[in-house]
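Reading through the structure tokens given below for one structure.
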Amino acid sequence: MFKYFHYILNKRKVEPPKIGVLYICTGKYHIFWDEFYKTANKYFCKKSEVHYFVYTEQLINTYGNKNVHHVFQSKLGWPFDTLKRFHLFLRENGSLKKMDYLYFFNANMIFKSKVTENEILPSPFGNGLVAVIHPYFYDHKNMAPFENNPNSSAYVKTDIFSNYFQGCLSGGRTHDYLLMASELVKMIDSDLSKNIIGKWWDESYMNKYFQINPPQLLPPSFAYPESGTFPFPKIIVQLDKGKHGGHSFLRS
């Protein structure tokens with residue numbers, strides 16, 4: 001009997017993990033979608049079933065991929081387009097909960113080389129979250145721009161010399177990521193009720209959360225600024241917005 005069940009278990013097909021890519025490209029940010037998708041489809045977690053949840057009011061090319069899901073989302077206006085991104089994810093959490101993992105990428109990111117599951121999925125022994133170390137502060141922790149307003153729920157004491165994470169890429173196990181999103185929404189809404197906004201918007205609140213719940217580290221190679229020069233390889237590059245009309249144009 002034991003040998004029979006052992007045989008059945010060995011014959012059972014192991015399903016690949018489902019990874020949800022969270023991508024917001026409202027307004028003019030839709031210009032980045034094509035290059036992001038083409039490079040992600042080529043290099044990102046090729047052993048997994050990857051779904052793209054594209055939040056935009058624009059028409060986008062799905063490339064005939066049934067795993068590209070268009071989520072209608074109009075512009076909220078600056079800075080709410082970035083500040084309230086986690087609000088958007090919670091709104092669609094019914095679809096997102098079908099994923100095993102969730103990863104948010106900024107619209108202006110492209111892949112330059114492969115990123116494997118072993119590199120980016122969280123260890124089973126951690127808290128299920130991963131985040132990318134900010135390239136500009138990876139070796140200048142004393143200069144990290146944590147929120148310094150003591151009245152903000154994102155406030156971090158100025159004597160903290162820990163990793164500072166860039167908001168352009170974060171992710172992890174679905175349950176843990178949506179739990180973080182829920183907590184960040186509470187922090188943001190609490191501050192908004194007092195007419196306070198973190199100085200780096202959602203990134204400020206995320207960094208406060210990570211002070212209490214340290215994520216697994218992703219290297220700065222996963223957020224390499226296109227126009228920068230750093231001593232690490234270019235794996236995921238942040239395109240220079242200045243070459244695509246600049247911040248004012250893209251936010252308008």
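The values are calculated or read from the model by the stated rules, or taken from the named source; none is laboratory data. These numbers come from a predicted model, not from an experiment. Because the Cβ atoms are built from the backbone with ideal geometry, glycine has one as well, and the counts that use them run over all protein chains shown. For the accessible areas, the whole protein counts, side chains as well, though only heavy atoms, and no ligand, DNA or RNA atoms are used. Shrake-Rupley method; radii C 1.70, N 1.55, O 1.52, S 1.80 Å.
Does the range 121-128 include one or more residues that are aliphatic (A, V, I, L, M), open to solvent by less than 20 Å² (accessible area, probe 1.4 Å) and either within 17 Å of ILE236 (Cβ to Cβ) or in a loop (DSSP other than H, G, I, E, B) (or both)?
Our first condition is that a residue be aliphatic (A, V, I, L, M); within the range 121-128, this holds for 121.
Cutting the leftovers down to open to solvent by less than 20 Å² (accessible area, probe 1.4 Å) gives us none.
Looking for residues that are aliphatic (A, V, I, L, M), open to solvent by less than 20 Å² (accessible area, probe 1.4 Å) and either within 17 Å of ILE236 (Cβ to Cβ) or in a loop (DSSP other than H, G, I, E, B) (or both), one finds none in the range 121-128, hence no.
If the requirement is being open to solvent by 20 Å² or more (accessible area, probe 1.4 Å) and within 30 Å of ILE31 (Cβ to Cβ), which of these qualifies: PRO231, PRO145, PRO214, PRO150? Reasoning before the result, please.
Details: PRO231 fails: within 30 Å of ILE31 (Cβ to Cβ); PRO214 fails: within 30 Å of ILE31 (Cβ to Cβ); PRO150 fails: within 30 Å of ILE31 (Cβ to Cβ).
Matching residue, one of PRO231, PRO145, PRO214, PRO150: PRO145.
Please tell me if GLY198 is small (Gly, Ala, Ser), open to solvent by 20 Å² or more (accessible area, probe 1.4 Å) and under 20 Å from the mean Cα position of the chain (by Cα). Don't jump to the end; show me each part of the working.
Values: small (Gly, Ala, Ser): yes; open to solvent by 20 Å² or more (accessible area, probe 1.4 Å): no; under 20 Å from the mean Cα position of the chain (by Cα): yes.
Considered against the rule, which asks whether it is small (Gly, Ala, Ser), open to solvent by 20 Å² or more (accessible area, probe 1.4 Å) and under 20 Å from the mean Cα position of the chain (by Cα), GLY198 comes out as no.
Could you check the range 64-100 and list, in sequence order, the residues that are aliphatic (A, V, I, L, M) and open to solvent by less than 60 Å² (accessible area, probe 1.4 Å)?
Scanning the range 64-100 gives VAL68, VAL71, LEU83, LEU88, LEU90, LEU96, MET99.
Scanning for something at pLDDT below 95 and either farther than 19 Å from TYR43 by Cβ or in contact with a helix residue (DSSP H, G or I) (Cβ under 6 Å, 6 or more places away or on another chain) (or both), does the range 94-107 turn up at least one residue? Give the steps one after another, and end with the answer.
Filtering the range 94-107 down to residues at pLDDT below 95 leaves 94-95.
In the following step, the residues that additionally are either farther than 19 Å from TYR43 by Cβ or in contact with a helix residue (DSSP H, G or I) (Cβ under 6 Å, 6 or more places away or on another chain) (or both) were identified as 94-95.
Yes, the range 94-107 contains a residue that is at pLDDT below 95 and either farther than 19 Å from TYR43 by Cβ or in contact with a helix residue (DSSP H, G or I) (Cβ under 6 Å, 6 or more places away or on another chain) (or both).
Given the criterion in contact with a Ser or Thr (Cβ under 7 Å, 6 or more places away or on another chain) and not basic (Lys, Arg), identify the matching residue among PHE104, PHE32, PHE44.
Numbers: PHE32 fails: in contact with a Ser or Thr (Cβ under 7 Å, 6 or more places away or on another chain); PHE44 fails: in contact with a Ser or Thr (Cβ under 7 Å, 6 or more places away or on another chain).
Exactly one residue qualifies, and that residue is PHE104.
Looking at GLN238, GLN166, which one is polar (S, T, N, Q) and in contact with a His (Cβ under 7 Å, 6 or more places away or on another chain)? Before you say what the answer is, go through the steps one by one.
Numbers: GLN238 fails: in contact with a His (Cβ under 7 Å, 6 or more places away or on another chain).
So the residue among GLN238, GLN166 that is polar (S, T, N, Q) and in contact with a His (Cβ under 7 Å, 6 or more places away or on another chain) is GLN166.
Looking at the structure I just gave you, is VAL71 more than 18 Å from LEU178 (Cβ to Cβ) and part of a strand (DSSP E or B)?
no
Examine the range 155-170 for a residue that is open to solvent by 40 Å² or more (accessible area, probe 1.4 Å), touching a helix residue (DSSP H, G or I) at 6+ places or on another chain (Cβ under 9 Å) and modelled with pLDDT of 95 or more, and state whether such a residue exists.
Yes, the range 155-170 contains at least one residue that is open to solvent by 40 Å² or more (accessible area, probe 1.4 Å), touching a helix residue (DSSP H, G or I) at 6+ places or on another chain (Cβ under 9 Å) and modelled with pLDDT of 95 or more.
In the range 185-193, is there at least one residue being open to solvent by less than 60 Å² (accessible area, probe 1.4 Å), hydrophobic (A, V, I, L, M, F, W, C) and in contact with an Asp or Glu (Cβ under 8 Å, 6 or more places away or on another chain)? Before you say what the answer is, go through the steps one by one.
Going through the range 185-193, the residues open to solvent by less than 60 Å² (accessible area, probe 1.4 Å) turn out to be 185, 187-188, 190-192.
Narrowing further to those that are hydrophobic (A, V, I, L, M, F, W, C): 185, 187-188, 192.
From what is left, the residues that are in contact with an Asp or Glu (Cβ under 8 Å, 6 or more places away or on another chain) are 188.
Taking every residue of the range 185-193 in turn, at least one turns out to be open to solvent by less than 60 Å² (accessible area, probe 1.4 Å), hydrophobic (A, V, I, L, M, F, W, C) and in contact with an Asp or Glu (Cβ under 8 Å, 6 or more places away or on another chain).
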